[in-house]
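The values are calculated or read from the model by the stated rules, or taken from the named source; none is laboratory data. The shown structure was predicted, so the numbers you read here are calculated from the model rather than taken from an experiment. When we count neighbours, we look across all protein chains shown, and the Cβ atoms used for this are built from the backbone with ideal geometry, even at glycine. Heavy atoms of the whole protein, side chains included, go into the accessibility calculation; ligands, DNA and RNA do not. Shrake-Rupley method; radii C 1.70, N 1.55, O 1.52, S 1.80 Å.
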Amino acid sequence: KMSAKDTAEGHIHRINDKIVFPSSAFENAIVAACRHQKIDKKLNMARVDGAFSVTGDEGDYCVIESDPYTVTAMVVNTSGKNGAPSVSFRPAFANWKTRIFLDYNPASVTIEELLHLLDLAGFHVGIGSYRPKFGKFSVI
């Protein structure tokens with residue numbers, strides 16, 4: 001049986017010894033954030049999805065810089081509504097940061113709208129496991 005640390009380590013993506021996270025997680029979070037904005041009813045998931053893309057320093061992956069990760073244990077239900085709960089181990093990154101690049105179609109969405117949604121995504125949606133309790137972020 002694998003240790004908690006080995007299990008958590010197995011959930012970390014690496015490229016050239018750098019910890020990375022799929023840039024698609026930020027895309028998905030931005031689209032999901034449309035549910036949380038109340039400023040413009042036209043700024044909805046149908047309009048935003050496909051109007052932009054996110055890349056990171058490693059193309060489809062964003063390099064994560066953080067304090068050394070810790071192992072977090074959470075009780076999860078991996079077998080659907082009626083399944084037995086089990087303990088899941090994942091890495092938790094404190095004080096993390098990354099850099100993303102937004103490519104967008106200005107005829108569909110403005111940079112101001114995307115930044116607004118990115119800010120909402122960081123607060124309401126997050127990225128990674130156990131979101132939004134973990135994986136929250138802010139735009140700086």
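If the condition is being surrounded by 14 or more Cβ atoms within 10 Å (Cβ to Cβ) and of a type in the set (Gly, Ala, Ser), then the stretch 45-54 contributes ALA51, SER53.
Quick check on my filter: what residues within the stretch 125-139 are open to solvent by less than 30 Å² (accessible area, probe 1.4 Å) and free of Cβ contacts under 8 Å to residues at least 40 places away in the same chain?
GLY135
Of all residues in the stretch 15-42, those that are farther than 20 Å from TYR104 by Cα and open to solvent by 20 Å² or more (accessible area, probe 1.4 Å) have Cβ atoms under 6 Å from Cβ atoms of residues that are assigned to a loop (DSSP other than H, G, I, E, B) and not basic (Lys, Arg), 6 or more apart or on another chain, in ILE19/ILE12; ILE19/ILE64; PHE21/ILE64. If you go through the stretch 79-100 and pick out every residue that is under 14 Å from the mean Cα position of the chain (by Cα) and of a type in the set (Phe, Trp, Tyr), you end up with 2.
The sole residue among ALA94, ALA51 that is within 17 Å of GLY128 (Cα to Cα) and aliphatic (A, V, I, L, M) is ALA94.
For the stretch 95-124, the set of residues classified as surrounded by 13 or more Cβ atoms within 10 Å (Cβ to Cβ), more than 26 Å from LYS18 (Cα to Cα) and touching a Leu at 6+ places or on another chain (Cβ under 9 Å) consists of TYR104, VAL109, GLU113, LEU114, LEU115, HIS116, LEU117, listed by residue number.
Within the stretch 109-130, the set of residues being out of contact with any His (no Cβ under 8 Å at 6 or more places or on another chain) and outside any helix (DSSP H, G or I) comprises VAL109, THR110, GLY126, ILE127, GLY128, TYR130.
Please go through the stretch 15-36 and give me each residue that is more than 17 Å from VAL139 (Cα to Cα), among the charged types (D, E, K, R) and in contact with a strand residue (DSSP E or B) (Cβ under 9 Å, 6 or more places away or on another chain), ordered by number. Selection gives LYS18 alone.
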